[in-house]
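Okay, so here's the structure we're looking at.
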Amino acid sequence: MFKIIFSDIDGTLLNAERDLSDYTIQTIKKLNGDIPFILISSRMPAAMRHLQEKMDITHLPLISYNGGLILVDDKPVSSTEIPIHILEELHDFNGEHDVHLSLFHNDEWYAPRDDFWTQREINNTKVQPELKINQEVINKWQEEDKGAHKIMAMGDEEKIDSIRDFLEDNFPNELHLYRSKPSYLEIAPRSISKLTAVEHLLDNHFKLPLSQTMAFGDNYNDIEMLKGVGMGIAVGNAKPEVLEVAHMVTTPGKEDGVAKSIKEILKI
């Protein structure tokens with residue numbers, strides 16, 4: 001029997017309006033807290049809390065930045081960052097490309113300027129960034145002894161290609177590079193994944209085995225998690241590689257695939 005559920009957000013849990021449907025909200029509330037429903041995303045915590053509030057699960061842990069930051073009772077219990085020297089080298093390389101680099105640490109989001117990319121992310125996440133050029137953020141974080149939980153590079157496909165090539169050539173063992181679309185490159189520490197975060201919470205907080213765990217996802221960064229848990233479920237709109245490894249496929253995310261599967265499997 002399944003005792004805990006982990007769900008990705010974008011492309012998996014949200015409807016066409018990029019929000020939670022009433023059906024999904026009601027289904028999660030029916031779990032009654034007996035079966036924890038944990039959000040696991042590449043988003044920052046602030047872009048996840050409003051969703052938790054709607055489902056009445058604010059008391060539950062959050063897994064942010066693809067596993068780079070795990071919060072229990074709103075306090076970090078695990079934090080893995082991209083070292084500041086990598087950020088500096090990327091910034092120097094980006095000088096001639098001028099790609100938009102958004103920098104994230106916990107609930108801090110720094111956008112270099114208010115442009116098309118910034119507005120798009122505000123619209124997607126319902127969070128407002130602080131506008132600060134990359135070099136200023138690097139200086140600030142150096143003083144505070146911090147790194148980045150995530151870097152989002154956004155821009156023309158060719159420029160994103162060259163950023164990817166630069167990072168792959170120089171930091172192959174330090175970074176995970178996720179390309180959700182041609183104009184987006186999500187940069188994260190290589191040592192973590194959604195599965196490592198799931199395992200951390202199961203071992204240290206919930207004391208449950210992977211075999212009693214259900215998880216939902218749609219994208220490349222969900223593959224390890226879906227393969228590793230007891231029941232890995234892909235939504236119908238998932239990438240072909242994700243559909244291939246999933247134990248089960250449900251209807252698309254926009255058609256309440258997560259909620260429908262929960263109802264069906266847990267008989268609620």
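The values are calculated or read from the model by the stated rules, or taken from the named source; none is laboratory data. Here the structure is a predicted model, which means the values were calculated and not measured. Using ideal geometry, Cβ is built from the backbone for each residue, glycine included, and neighbour counts are taken over all protein chains shown.
Does Leu62 meet the test of being at pLDDT 95 or above, over 21 Å from Leu195 (Cα atoms) and of a type in the set (A, V, I, L, M, F, W, C)?
Answer is no for this residue.
Before we move on, is Asp22 without any contact (Cβ under 8 Å) to a residue 12 or more places away in the chain, over 18 Å from the mean Cα position of the chain (by Cα), in the same structural domain as Gly228 (by TED's automatic domain parsing) and surrounded by fewer than 18 Cβ atoms within 10 Å (Cβ to Cβ)?
Taking the combined requirement at face value, the residue satisfies it.
Filter the range 185-207 down to residues that are free of Cβ contacts under 8 Å to residues at least 60 places away in the same chain and crowded, with 16+ Cβ neighbours inside 10 Å and give me whichever is farthest from Leu103 (Cα to Cα).
Here the residue is Glu199.
Which condition from (1) in a loop (DSSP other than H, G, I, E, B); (2) of a type outside the set (Ser, Thr, Tyr); (3) touching a residue at least 40 places away in the same chain (Cβ under 8 Å); (4) out of contact with any helix residue (DSSP H, G or I) (no Cβ under 6 Å at 6 or more places or on another chain) is the one that Gly11 breaks?
Just one mismatch for Gly11, condition (4).
Do the conditions hold for Val77, that is, is it surrounded by fewer than 15 Cβ atoms within 10 Å (Cβ to Cβ), in contact (Cβ under 8 Å) with a residue 60 or more places away in the chain and in contact with a helix residue (DSSP H, G or I) (Cβ under 9 Å, 6 or more places away or on another chain)?
Yes.
Would the range 18-27 turn up any residue that is in contact with a Phe, Trp or Tyr (Cβ under 8 Å, 6 or more places away or on another chain) and not in a strand (DSSP E or B)?
For the range 18-27, residues in contact with a Phe, Trp or Tyr (Cβ under 8 Å, 6 or more places away or on another chain) and not in a strand (DSSP E or B): absent.
List every residue pair whose Cβ atoms lie under 8 Å apart, where the two residues are 6 or more positions apart in sequence or sit on different chains, the first residue falls within the range 208-229 and is farther than 24 Å from Lys263 by Cβ, and the second residue, located anywhere, is buried (at least 20 other Cβ atoms within 10 Å of the Cβ) and among the basic types (Lys, Arg).
Going by the 8 Å Cβ cut-off, the qualifying pairs are Asn221/Lys194; Glu224/Lys194.
Taking Ser191 and the conditions (1) outside any helix (DSSP H, G or I); (2) touching a helix residue (DSSP H, G or I) at 6+ places or on another chain (Cβ under 8 Å); (3) polar (S, T, N, Q), which numbered condition does it fall short on, given that it satisfies the others?
Status for Ser191: all satisfied but (2).
If you go through the range 54-68 one residue at a time, how many are on the phi < 0 side of the Ramachandran plot and over 8 Å from the mean Cα position of the chain (by Cα)?
9
Given the residues Gly147, Gly155, which is the only one that is small (Gly, Ala, Ser), in contact (Cβ under 8 Å) with a residue 60 or more places away in the chain and surrounded by 14 or more Cβ atoms within 10 Å (Cβ to Cβ)?
Gly147
Mind listing whichever residues of the range 85-102 are under 20 Å from Gln142 (Cα atoms), buried (at least 19 other Cβ atoms within 10 Å of the Cβ) and either of a type in the set (A, V, I, L, M) or free of Cβ contacts under 8 Å to residues at least 12 places away in the same chain (or both)?
Ile86, Leu87, Leu90, Leu101
Here are some conditions: (1) buried (at least 18 other Cβ atoms within 10 Å of the Cβ); (2) under 14 Å from the mean Cα position of the chain (by Cα); (3) not in a helix (DSSP H, G or I). Leu51 meets all but one. Which one does it not meet?
Unmet condition: (3).
When you look at Asp92, is it at pLDDT 95 or above, acidic (Asp, Glu), out of contact with any helix residue (DSSP H, G or I) (no Cβ under 9 Å at 6 or more places or on another chain) and farther than 24 Å from Ile40 by Cβ, yes or no?
yes
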